[in-house]
Amino acid sequence: MRKFDLVVVGAGISSGSLVYNLLKQGFTGSILVLERGDKVAYGPTAFSAGGFRNLWTTEINQQLCTKAIGLLKSFQDDMGVSCGFNQSGYLFTYYAKTWEKIPAAAEIWAKNCVNFELLTPEQIEAKIPGMKCGIDHMDPEVAEFLEFQPIVGGVFGKDCGAFDPSQAAVGYFERAMDFKARPTLQLNTEVLKVTFDGARATGLVVKDANGVEETIQAGVVALCCGPWINELLRRSGCPESDLTPIISQKRMMFITDFPGAPNEDKRWHDIPLTIIDQGIYFKNESGNLMIGKARKDEPDSFDTTFEPDYYRDEVNLPMQERIPSTAVCKLKAGWGGLYDTNTADHNAIVGWHDEHPGLLLQVGYSGHGAMESPAVGIGLAELILTGKYQTIDCTPLRWSRFREGALVHEKIVI
């Protein structure tokens, strides 16, 4: 029977950050990383839009993302691998009712030294060529059908932007292999269950590509398995009270062409990641547009079927009404991925599982795992090695907060 000091489930950016930072901080034990796919960044990491921002109203999210932005900015120099870091900014746009809440959020951002700017409709239109913040240009019936209102202001995060989480994950694992205590990476392996001795996690039962089952012993079991967390805990015999408030939700991304526009107006090459009506977000992607929009009430499912009709029926019309020049955009490609959505407060669950010693969690990011896990990995490495967080106190994201009623809620949903 094989035995490791640490066994990590999943080989995405979150586990890559954990493993690399653990070794960097001096961990000399044996590490096994298990991945169900055939490569690093096979799962949700590969399908992320890769946005990063520190425009949050909770201290823990601001701290983690500000730290991560610094890490990503120097990633190529530090790791020798490009992560596609592009600090082009984030632009949130608002209707009048929500805009009234922004001054309170702005006070929090200013207090925490977040680099931001409040924009007028005219300034928004200057950043996004062809965008019209008003609704006078729209057919009144269409505007009513779409429930459009005038955009009265925007928040521009100057330090925000986008990167390639897959490349970052690869970089973490490549550099982890440079340490003397290099980890073992085992692909094409399904984790069937976590094993316990009483309440304590002791290892896992896995099945390889040939269908051969094996029990592996572990000093620490780290679950970085995203939306599969509850399914795995149930298979392991854990009661419902030991599970997480996480569901699996499909999120789709769409790549469209944009004939003429980027060449006619060079500002398109430098647009920030922008969020407009109905939660539609978009950014420049090598001369094309990458566009996303979360479907309301997406069911709890592991389905990742790509639905081109969703773009045509739910995304294209509101997009072209707000930015008429995008009417010429045609769908070129797209994909479906999964969010591990924390239904309780939409924030990550990290740290030890209070009911199961030896079981470490890093799940429930609800769409901001790519931007937070570079910093969370540092904290979890500290927790394993020293018993406490040192760089950033991630205690607010503990598993026990749900039963304690200490949820981490953003004061403004942005």
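Straight-line cross-link partners of LYS180 among the lysines, defined as a Cα under 17 Å from its Cα and at least 8 positions apart when in the same chain: LYS24. If I fit a long axis through the Cα atoms of helix 165-176 and take the longest principal axis of the Cα atoms of the chain, what angle between them do I get, 0 to 90°, rounded to 10? The answer is roughly 30 degrees.
How charged is the neighbourhood of ILE280? Take every other residue with its Cβ under 11 Å from the Cβ of ILE280, and add Lys/Arg as +1 and Asp/Glu as -1. Around ILE280, the surrounding residues sum to -1. Angle of helix 59-73 to the longest C-alpha principal axis of the chain, folded into 0 to 90 degrees and rounded to 10: 90°.
Cα-Cα over 19 Å: which of LYS127/LYS158; LYS132/LYS250; LYS193/LYS388? Provide the component values of the computation, followed by the final result.
Values: LYS127/LYS158 13 Å; LYS132/LYS250 30 Å; LYS193/LYS388 28 Å.
Over 19 Å Cα-Cα: LYS132/LYS250; LYS193/LYS388.
Note on the range 378-414 and the range 30-106: Cα centroid distance 17 Å, given to the nearest whole angstrom.
Note down the net charge around PRO103, summing +1 for each Lys or Arg and -1 for each Asp or Glu among other residues with Cβ under 15 Å from its Cβ. Spell out each step's value before the answer.
Working: positive: LYS97, LYS101, LYS111, LYS411; negative: GLU100, GLU107, GLU117.
Taking every Cβ under 15 Å from that of PRO103, the sum is +1.
Give, in nm to one decimal, the length gained when the segment between TRP99 and GLU122 is fully stretched (0.36 nm per residue of separation minus the Cα-Cα distance). Mind showing how you got there, number by number?
Numbers: separation 23, 0.36 × 23 = 8.28 nm, distance 1.55 nm.
Result: 6.7 nm gained on full extension.
Across the chain, C-alpha contacts under 8 Å between residues 6 or more apart give a mean separation that, scaled by the residue count, equals a relative contact order of 24 percent. For PHE85, the residues whose amide H sits under 5 Å from its own are ASP164, ignoring neighbours fewer than 5 places away on the same chain, with H placed 1.01 Å from N.
Which loop-located GluC sites (Glu not before Pro) does the range 33-141 contain, where loop means any DSSP state but H, G, I, E or B and the Cβ has at most 16 other Cβ atoms within 10 Å? Counting only loop positions with at most 16 other Cβ atoms within 10 Å, the GluC sites (Glu not before Pro) in the range 33-141 are GLU100.
Can you tell me the length gained on complete extension of the stretch VAL328 to ASP139, counting 0.36 nm per residue apart and subtracting the Cα distance? Provide the component values of the computation, followed by the final result.
On the way: separation 189, 0.36 × 189 = 68.04 nm, distance 1.84 nm.
Value of the extension gain: 66.2 nm.
Counting only Cβ charges, +1 for Lys and Arg and -1 for Asp and Glu, the dipole size of the range 1-99 around its Cα centre is about 160 debye. Over the chain, dividing the summed -39,500 (n - 2.57) contributions of all DSSP H runs of at least 4 residues by the number of residues returns a 222 nm mean residue ellipticity of -7500 deg cm²/dmol.
For the pair ASP178 and GLN149 in one chain, pulling the backbone fully straight at 0.36 nm per residue adds 5.0 nm over the alpha carbon distance.
In the set [x] 30, 27, 21; [y] 39, 22, 21; [z] 41, 31, 25, the label that goes with semi-axes √(5λ) of the Cα gyration tensor in Å computed for this structure is [y]. Angle, helix 13-24 long axis vs. longest principal axis of the chain, Cα atoms, 0 to 90°, nearest 10? Rounded to the nearest ten degrees, it is 50. DSSP beta bridges in the chain, what fraction antiparallel, as a percent rounded to 5? Taking every DSSP beta bridge within the chain, about 70 percent pair in antiparallel fashion. At most 11 other C-beta atoms within 10 Å and a DSSP loop state: those are the exposed trypsin sites (Lys or Arg not before Pro) I care about. Give me the longest piece of the chain that has none. Between exposed loop sites, the widest span is 1-179.
Bear in mind these aren't lab numbers, they're just calculated from the coordinates by the rules spelled out. No experiment lies behind these values; they were computed from the predicted model shown. Reconstructed Cβ throughout: ideal geometry from the backbone, glycine too, with neighbour counts over all protein chains shown.
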